[in-house]
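None of the figures in this text is laboratory data; all of them are computed from the coordinates on show. Only a predicted model underlies this, so the values are computations on that prediction, with no experimental measurement involved. For neighbour counting, all protein chains shown are included, and Cβ atoms are generated from backbone atoms with ideal geometry for every residue, glycine included.
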Amino acid sequence: MSLALYAIADEYRASLYDIQNTLEDVEIDDEAKQSMIVDTLSDIKDTFETKALNVASFIANLKLEAMAVKTAEQRITQRRRSLERQVEWLTDYLFCQLQKMDLKKLSNEQLTLAIRNNPAKVIISNEDEIPEQFKESVTTTKVLKSQIASAIKSGESIEGVYLEGSQRLDIK
């Protein structure tokens, strides 16, 4: 029967607990105690280590697959951008040619081409000359986390924040 990694870890802890309770009740020498502990836990530990390394291999494969997907995404993004640039260029080209021919509208069973006027847009030539009634002040606040971390590490106490350490698993 194949156990999940967490089940093996639980079994290992339970075995350690059982051995500890057994050794408290039995009078044997230290060498026999050591032998009993090693014999009981070595199989469980070997199984755990094998399973843990297999999980790590799976993680490494997933990372490689994610990198391959990212590379494919980048290629697809480049292709999309290329197509968008081509559409823009051809649209501009067709627009110019229709204007040269003084054609405002052209159609067939599938398509209709029409040159239309766009809504007027505001062009700002000098922002300083615009009256205040047409301006709005916007204030943004940015928390400088790196400076807060440095201040706390140097012993300063800052209300509303704290440093939180964590661990990670490196698989190489």
Practice item. Determine the distance separating the Cα centre of region 70-96 from the Cα centre of region 122-172; give it in Å without decimals. Key: 35 Å
Practice item. In whole Å, largest first, what are the principal axis extents of the Cα atoms in the chain? Key: 107, 55, 24
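Say R0 is 35 Å: what FRET efficiency, to the nearest 0.05, do Val87 and Ile124 get from their beta-carbon distance? Please report the intermediate quantities before stating the final value.
Details: r = 29 Å, r/R0 = 0.83.
Here the calculated transfer efficiency is 0.75.
Would you calculate a helix-derived [θ] at 222 nm for the chain, using -39,500 (n - 2.57) for each DSSP H run of n ≥ 4 and dividing by the full residue count, to the nearest 500? Numbers along the way, then the final one.
Working: 3 runs with 101 residues, N = 172.
Rounded to the nearest 500, the figure is -21500 deg cm²/dmol.
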Check your understanding: Spin-label point model (7 Å from Cα, Cβ direction): what's the Lys63 to Asp43 distance in nm?
Key -> 3.4 nm
